[in-house]
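All remarks here apply to the structure that follows.
Read-outs throughout are calculated quantities, based only on the coordinates presented, and are distinct from any laboratory measurement. Nothing here was measured: the structure is a model prediction, and the numbers come from that model. Positions of Cβ are backbone-derived with ideal geometry, glycine not excepted, and every protein chain shown enters the neighbour counts.
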Amino acid sequence: MDWNDTPEQARFRAEVRELIETRLPERYRLGGAGERAWEFDRKSPDPAARKAAMDWHAALAERGWVAPHWPKEYGGAGMSAMEQFVLNQEMARAGAPGVGGSGLSMLGPTIILHGTEDQRHKYLPPILAGEVTWAQGYSEPGAGSDLASLQTRATRDGDDFILNGQKIWTSAAHSSDAIFALVRTDPEAPKHRGISFILIDDIKAPGISVRPLIDMGGRHYFNEVFFEDVRVPAANLVGEMNRGWYVAMTLLDFERSNIGGAVGARRTLDRLIDVIQGDPALRARIASSPVRHEIAQRYVETEVMYQFSLRIISMQNRGQLPNDEASMAKLYNSELSQRLAQTCMQVLGLQANLMEGNEESSFARLYIGMVPATIRGGTSEVQRNVIATRGLGLPRA
């Protein structure tokens, strides 16, 4: 593990900071617009929000940084793992949103590796240009952590597939233009087989219904998506028929260090300390309370999370592929985020229940938002199983 920038990395870091300082719209500074801000702003009824999204995308596009992990021949930056780490680290420190959404981070790399030339030509340029965003249709009511149990069916009918079923927890589907999905094309096959990866070009096509799911904080982030006899061209199949599980598990984005989580946790803690220092009565109460030790423990834990990130990126920079190490980082960060939110609530007492402000400024919204942290992106139980089997060599449960 190397904690220091090389001269080249230091120069690149300075370049990233300069771009953020001069081009990041005020709306996005310190994460003021919330998670998936760029995607939601792109379709916002507020002209100022739409302009912020366009301006930030243009700033990144001018440097070729919209798709840092894509190969250059497909319009990406072709950055090394360490360059991606530096870029993501500085973006997280500034609270700057990524652009492109799931189409950029997940679908693009999948098409690059498994798609046809026609699919690359058709789908990659609009993703890069920010003209089309994609939702991810994976989870279902009965297939979350056990995703391979999905039941959404795609039946072949001539040159088309006919889709029927339901997806759930579909992030940003209400602001997306299209959706890629895992569907069952062979119901008789073992559950990890008989699944195909398919592209639905228009999320508003006949037979598709997107219904909002409002979370505990009153936020419309997730959705249900229903498919009723939706026709999709067979040419929209990515990879081999019935081998979509293996297609979906393959990504070219090796930035698995979760540096954004480490930086975000430290930023939350720094903000909590600023609140304490700015309130003499609160400062006096904390000075004689055991909760001050809890704050110190959270600070140590954020540094541990940062070291997890550095370990992973150092492995990637040596050409290694983190596996159980990435699960360790995800598990640690998700549980840390919940402990940190709990500490914030304990420090502020009844004041912490105020729901005023946005996600960045309201500790109450932070607390509510962290409830699903140990579920989304792979539950803590799934991560522990990965660590046990792949990291410790223990038999499967």
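Points to keep in mind about this one:
- In nm, spacing of pseudo-spin labels at L354 and R283 (7 Å Cα→C-beta vector): 1.8
- Sorted fewest first by neighbouring Cβ atoms within 10 angstrom, H57, H121 come out as H121, H57.
- Taking the helices alone, the chain has a mean residue ellipticity at 222 nm of -13500 deg cm²/dmol, built from -39,500 (n - 2.57) per DSSP H run of at least 4 residues and averaged over all its residues.
- The modelled label-to-label distance between K191 and R120, using points 7 Å beyond Cα along the C-beta direction, is 3.5 nm.
- Karplus-based coupling profile of segment 303-313, in residue order and whole Hz: 5, 4, 4, 4, 5, 4, 4, 5, 4, 5, 5, with θ = phi - 60° in 6.51 cos²θ - 1.76 cosθ + 1.60 and x standing for Gly or Pro.
- Between T152 and Q166, R184, the built amide H atoms are under 5 Å apart, and every one of these is 5 or more places off in sequence or on another chain.
- Placing a label point 7 Å from the Cα of D160 along the Cα-to-Cβ direction, the residues of segment 224-244 whose backbone N falls under 14 Å from that point are 228-236.
- Overall size of segment 55-149 from C-alpha positions, given as principal axis extents largest first: 41, 35, 26 Å.
- Centre separation in Å (Cα based) which lies between segment 65-99 and segment 254-306: 27
- Projected over all directions and averaged, the alpha-carbon convex hull of the chain occupies 21.0 nm².
- Where the Cα pairs of segment 259-391 fall when distances are cut into 10 Å bins, in %: 12, 38, 31, 15, 4, 0
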